[in-house]
Amino acid sequence: MNILSPSILAADFCHLEQDIKAAEAGGAKWLHIDVMDGSFVPAISFGMCVQESIRKCTDMYFDTHLMIVEPIRYVEEFARLGSNGITVHLEACEDLHATLAKIKVCGCRAGLSIKPGTPVEALLPYMDEVDMILMMSVEPGFGGQGYIEESTERIREVRRMIKTSGRDIDLEVDGGINLKRLEEVLEAGINVVVAGSAIFKNDIKANAESYMKILKAHEA
Ligand code: DX5
Ligand code: ZN
């Protein structure tokens, strides 16, 4: 099944509940929650209190993307505040094996992300420990950036690595995925699509519906 995970980073925080419900009404089952610490990435976004609040207004799958240094320090708390999956950055962890193990002990699915400049082979030692791989297709830190073209070939390589592993690992892409780009990343092997600025503008429900239409058509 192909999944849409709208990133609330691009939502209007004056009416976050309304925006989330519109994305859900448009068919999105996941919600992508971008946590930035001003250290691993230049920007600071939001943290626990926002996730805690929105957990009360939706049953959607919370796809928490931690762009923070040593995320192991916060895994337990995000799990407690309703994350279903927690994704950490390979570049941000001193002991990645321990970090992934902690995510699972806390009852969440474990995701691992790499930045556009990190060789895909760096993922190999962790293939038996992850439930999802998140390929950044922009430099993490800001919404609304343009897709880095080389990402498509990297996605193909990682999909091959997943096949070789024999495990059922979700492959998610994050950054610059507009409607025109969707077909290309699905073709390359993506099954979870993050979209922020393309969803949370104008008619949010209609935007999500347009993504869902292509995601579903690609399943057939
Ligand atoms: C970037 C974030 C993304 C971002 C995606 O650091 O991880 O999730 O919000 O936004 P768009 O779809 O606008 O590129
Ligand atoms: Zn993200």
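The values are calculated or read from the model by the stated rules, or taken from the named source; none is laboratory data. Note that the coordinates shown come from a computational prediction; the quantities given were computed from them, not determined experimentally. Heads up, the Cβs are rebuilt from the backbone with ideal geometry, glycines too, and the neighbour counts pull from every protein chain shown. Calculation scope for accessible area: heavy atoms of the full protein, side chains included, ligands and nucleic acids excluded. Shrake-Rupley method; radii C 1.70, N 1.55, O 1.52, S 1.80 Å.
As a calculated quantity, the FRET efficiency between VAL69 and GLU153 at R0 = 30 Å, using C-beta atoms, amounts to about 0.55.
Over all orientations, the chain has a Cα convex hull whose mean projected area works out to 10.8 square nanometres. Overall, the accessible surface of the chain at a probe of 1.4 angstrom is composed of carbon and sulfur to the extent of 51 percent.
Charges were assigned to the Cβ only: +1 to each Lys and Arg, -1 to each Asp and Glu. The resulting dipole of the stretch 1-160 about its Cα centre is roughly 400 debye. In this calculation the C-beta distance from LYS216 to GLN18 is compared with R0 = 35 Å, giving a FRET efficiency of 0.90.
The lysines within cross-link reach of LYS56, meaning a Cα-to-Cα straight distance under 19 Å and a gap of 8 or more places when in the same chain, are LYS21, LYS29. Neighbours of VAL69 by Cβ distance under 11 Å: Lys/Arg scored +1, Asp/Glu scored -1, total -3.
Solvent-accessible surface of the stretch 74-217, taken per residue with a 1.4 Å probe and all protein chains present: 44 Å². Estimated from helices alone, the mean residue ellipticity of the chain at 222 nm is -10000 deg cm²/dmol (sum of -39500 (n - 2.57) over DSSP H runs with n ≥ 4, per residue).
Taking Cβ atoms as reference points and 13 Å as the exclusive limit, the residues near GLU157 contribute a net charge of +2, counting Lys and Arg as +1 and Asp and Glu as -1. Sorted largest first, the principal axis extents computed over the alpha-carbon atoms of the stretch 99-139 equal 30, 19, 13 Å.
Net charge of the neighbourhood of ASP12, taken over other residues with C-beta under 10 Å away and scored Lys/Arg +1, Asp/Glu -1, is 0. The distance between label points at ARG55 and ASP128 comes to 3.2 nm (points 7 Å beyond Cα on the Cα→Cβ vector).
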